[in-house]
Amino acid sequence: MLSYEESLKILKETNALLEGHFILSSGLHSKQYVQCAKLLSIPKKAEIICSSLCEKIKENFQNINVILSPAVGGIVVGYEVGRQLGLETIFAERENNKLNLRRGFEIKENSNVLIVEDVITTGKSALECAELVRNSKSNLAGYSCIIDRSDKNLKIKDKIVSQVKLKIDTFRDSDLPDELKKIKPYKPGSRNLSK
């Protein structure tokens, strides 16, 4: 199993964890930014991280039948965890602004389902997946992710098994630390806009 430091090293090497001055989608500023897609774009590194995560999953969850991930961010990590654990892996995707099972995916009644994501922050997508599990009359085994960056805003009350737990401080425009004021901000993500 990888240590916290070994995991961080891989995240930084793959640019899944960036350091600098970032403007988040919330409008808040941070010194760090997480983009797990960068890790997952390098299969050998993703395999190493997911292998360690699978060890933690086996220690914490029993009798899992199905891995369920939210699209888009959770699909690759869910697949890799399912591949390594030898489990069926499905994903939910947005339709009319709500996560649904499509493409013929279904959760058989009384299945034990593990929800797997790349990053959990507020837990909104994971909770929507949990609702799909309940509506299928199945059992929620729990939650797992590569990076748990949840904080006081977390809506999930159950334990989250993660490879790395990160606390990323955020700041409003009015309370930026001096070191961030000196760095030009970058707005990462799908829009790639800079301020």
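The values are calculated or read from the model by the stated rules, or taken from the named source; none is laboratory data. These figures come from a predicted structure and were not determined experimentally. Backbone-built Cβ (ideal geometry, glycine too); neighbour counts: all protein chains shown. When the accessible area is computed, the model is the full protein with side chains, heavy atoms only, and any ligands, DNA or RNA have been set aside. Shrake-Rupley method; radii C 1.70, N 1.55, O 1.52, S 1.80 Å.
Structure summary
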| item | result |
| --- | --- |
| Filter result (hydrophobic (A, V, I, L, M, F, W, C) and open to solvent by 30 Å² or more (accessible area, probe 1.4 Å)) within the stretch 120-135 | LEU127 |
| Test for SER174: is it of a type in the set (Gly, Ala, Ser), surrounded by fewer than 18 Cβ atoms within 10 Å (Cβ to Cβ) and at negative phi | yes |
| Within the stretch 69-90, tally of residues that are part of a strand (DSSP E or B) and under 15 Å from VAL161 (Cα atoms) | 1 |
| Test: SER138 is under 14 Å from the mean Cα position of the chain (by Cα), among the small types (Gly, Ala, Ser) and open to solvent by 10 Å² or more (accessible area, probe 1.4 Å) | no |
| Which numbered condition ALA16 misses (of (1) more than 17 Å from VAL119 (Cα to Cα); (2) open to solvent by less than 40 Å² (accessible area, probe 1.4 Å)) | (1) |
| Single residue of the stretch 30-61 satisfying the filter (free of Cβ contacts under 8 Å to residues at least 60 places away in the same chain and assigned to a loop (DSSP other than H, G, I, E, B)) that is farthest from LEU99 (Cα to Cα) | ILE42 |
| Test: residue in the stretch 126-146 that is under 18 Å from LEU28 (Cβ atoms), in contact (Cβ under 8 Å) with a residue 24 or more places away in the chain and either touching a helix residue (DSSP H, G or I) at 6+ places or on another chain (Cβ under 8 Å) or not in a strand (DSSP E or B) (or both) | no |
| Scan of the stretch 13-70 for residues that are among the small types (Gly, Ala, Ser) and in contact with a Cys (Cβ under 6 Å, 6 or more places away or on another chain), ordered by number | ALA16 |
| LEU39 vs. criteria surrounded by 16 or more Cβ atoms within 10 Å (Cβ to Cβ), of a type in the set (A, V, I, L, M) and under 13 Å from ASP118 (Cα atoms) | yes |
| Residues satisfying the stated conditions in the stretch 1-13, i.e. surrounded by fewer than 19 Cβ atoms within 10 Å (Cβ to Cβ) and modelled with pLDDT of 95 or more | LEU2, SER3, TYR4, GLU5, GLU6, LEU8, LYS9, LYS12, GLU13 |
| Residue in the stretch 150-169 that is in a strand (DSSP E or B), open to solvent by 10 Å² or more (accessible area, probe 1.4 Å), of a type in the set (Ser, Thr, Tyr) and farther than 19 Å from ASN60 by Cα present | no |
| Looking only at the stretch 7-29, and only at residues there that are in a strand (DSSP E or B) and touching a Pro at 6+ places or on another chain (Cβ under 9 Å), the one that is farthest from PRO185 (Cα to Cα) | LEU18 |
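Residue-by-condition table, conditions (1) acidic (Asp, Glu); (2) within 24 Å of VAL34 (Cα to Cα); (3) surrounded by fewer than 21 Cβ atoms within 10 Å (Cβ to Cβ):
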{"position": "ILE49", "(1), (2), (3)": "no, yes, no"}
{"position": "GLU55", "(1), (2), (3)": "yes, yes, yes"}
{"position": "LYS58", "(1), (2), (3)": "no, no, yes"}
{"position": "VAL72", "(1), (2), (3)": "no, yes, yes"}
{"position": "ASN100", "(1), (2), (3)": "no, no, yes"}
{"position": "ILE107", "(1), (2), (3)": "no, no, no"}
{"position": "VAL113", "(1), (2), (3)": "no, no, no"}
{"position": "TYR143", "(1), (2), (3)": "no, yes, no"}
